[in-house]
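Data first, discussion second: the structure below is written as structure tokens.
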Amino acid sequence: MKRRSLSMAALLAGILPWGAMAQNTGDWPSRPVRMLVGSAPGGGTDAMARAVADRLGPLLKQSIVVENRPGVSNTLAVDATAKSTDGHTMVMGVVTAHAIAPHLLRLGYDNNKDLVPVAFVGSVPNVLVVGKPVHADSVADLVALARKGPGTIHFASSGTGSTQHIAAEMFQDAAGIRITHVPYKGSAAALVDLVSAQVQMSFDTLPSVIGQIKSGRLRPLAVTSAQRNAQLPQVPTMAESGLAGVEIAAWYGIYMPASTPMAVQQKVHDEVNKVIAMPETKARLEAVGAELRAISQAEFEAFHRAEYQRFGEVIRKNDIRID
């Protein structure tokens, strides 16, 4: 009888979901953990992921392997995470994948059911920048130019449905103006044309434009965060510039498959919060304009739902589509 019980236990270990066994044994993680990233190495999401992974591994007593799977608005990495069954996969989620793309793309997973928000990491504001030839030193100046010639001001973005695109749509609505969208395949190409005056403005993320701002090639008019950013303390917010409601950021957080046991979710949440409180992590990410914020998992879940709804409304209102 005892031998039969042991055999049954071995059988169950082979067929039960990994989560049930991990929750019973409490030995998670039992092997290296994969942290998927939906962008190429060197990008903002990648930088956020590596800063967290470098410190999270020692806390979990396992290595964290960062794996880049760029493409399709950061959703390839999310898709792989949603469908993973190894129990040791997570993704560095980003607003593009979790709050914008689900309204624009036909995905192979349910963004709100197949994944669970586990630990919020932080956000990076977008910055309204203009090229040197543009005669505008403030948001009010730029709005005045756009009103003089509707559609003659061209804004660059890293692609349809990007945070740069959504921010500009919000800007148009709030200011009552019309500007022309010029989508690119990534921020790098967009910035080349912005600096060379092929387009006049952009709402790019702070890490992408901070170098061009410091060199004087681009002029910042406002940040899209609720408060001013420490890297650009002299630059006002959009609200301070008279356009309340134009608030957007590239935010980041750890997501895991919905089947992940609560005990594992709690463990990851607690350890990630320890990581972002470390002075080394804060210094590394705040240097590129990131604003780190430790919140509860329930608060992250509520934030995820609110952002999903908010961006869905903007996309429907402006009839944004990916052809």
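Being over 22 Å from the mean Cα position of the chain (by Cα), of a type in the set (Gly, Ala, Ser) and surrounded by fewer than 20 Cβ atoms within 10 Å (Cβ to Cβ) is the requirement here; does ALA258 meet it?
no
Residue pairs, Cβ under 6 Å, 6 or more apart or interchain, first in the range 99-118 and loosely packed, with under 15 Cβ neighbours inside 10 Å, second at pLDDT 95 or above and acidic (Asp, Glu). List them.
From residues that are loosely packed, with under 15 Cβ neighbours inside 10 Å, the pairs are GLY108/ASP79.
Within the range 45-68, restricting attention to residues that are surrounded by 21 or more Cβ atoms within 10 Å (Cβ to Cβ) and β-branched (Val, Ile, Thr), which residue is farthest from the chain's Cα centre (by Cα)?
Top of the filtered list is ILE64.
Could you check how many residues of the range 117-155 are among the β-branched types (Val, Ile, Thr) and farther than 17 Å from ALA249 by Cα?
Result for the range 117-155: 7.
Of the residues that sit in the range 291-304 and are assigned to a loop (DSSP other than H, G, I, E, B) and open to solvent by less than 60 Å² (accessible area, probe 1.4 Å), which one is nearest to PRO207 (Cα to Cα)?
Going through the qualifying residues, I end up with ILE295.
Exactly one condition in (1) part of a helix (DSSP H, G or I); (2) surrounded by 13 or more Cβ atoms within 10 Å (Cβ to Cβ); (3) modelled with pLDDT of 95 or more; (4) over 17 Å from the mean Cα position of the chain (by Cα) is false for VAL314; which is it?
(3)
Go through the residues of the range 176-185 one by one and say whether even a single one is at pLDDT 90 or above, in contact with a strand residue (DSSP E or B) (Cβ under 8 Å, 6 or more places away or on another chain) and open to solvent by less than 10 Å² (accessible area, probe 1.4 Å).
No: the range 176-185 contains no residue that is at pLDDT 90 or above, in contact with a strand residue (DSSP E or B) (Cβ under 8 Å, 6 or more places away or on another chain) and open to solvent by less than 10 Å² (accessible area, probe 1.4 Å).
Please determine, by comparing only the residues of the range 153-171 that are among the β-branched types (Val, Ile, Thr) and in contact with a Lys or Arg (Cβ under 9 Å, 6 or more places away or on another chain), which one is surrounded by the most Cβ atoms within 10 Å (Cβ to Cβ).
Ranking the qualifying residues of the range 153-171, first place goes to ILE153.
Given the conditions (1) free of Cβ contacts under 8 Å to residues at least 12 places away in the same chain; (2) over 19 Å from the mean Cα position of the chain (by Cα), which single one is not true for GLN227?
Failing condition for GLN227: (2).
Restricting attention to the range 247-290, which residues are part of a loop (DSSP other than H, G, I, E, B) and modelled with pLDDT of 95 or more?
ALA258, SER259, THR260, PRO261, MET278 - these are the residues of the range 247-290 that are part of a loop (DSSP other than H, G, I, E, B) and modelled with pLDDT of 95 or more.
When you scan the range 119-152, how many residues do you find that are open to solvent by less than 50 Å² (accessible area, probe 1.4 Å), out of contact with any strand residue (DSSP E or B) (no Cβ under 8 Å at 6 or more places or on another chain) and in contact (Cβ under 8 Å) with a residue 12 or more places away in the chain?
Result for the range 119-152: 2.
Go through (1) closer than 27 Å to ALA188 by Cα; (2) modelled with pLDDT of 95 or more; (3) touching a strand residue (DSSP E or B) at 6+ places or on another chain (Cβ under 6 Å) one by one and return the number of the condition HIS88 breaks.
(1)
The values are calculated or read from the model by the stated rules, or taken from the named source; none is laboratory data. All values reported here derive from a predicted model rather than from experimental measurement. Positions of Cβ are generated from backbone atoms using ideal geometry, with glycine treated the same way; all protein chains shown enter the neighbour counts. For accessibility, only protein heavy atoms count, side chains too; no ligands or nucleic acids. Shrake-Rupley method; radii C 1.70, N 1.55, O 1.52, S 1.80 Å.
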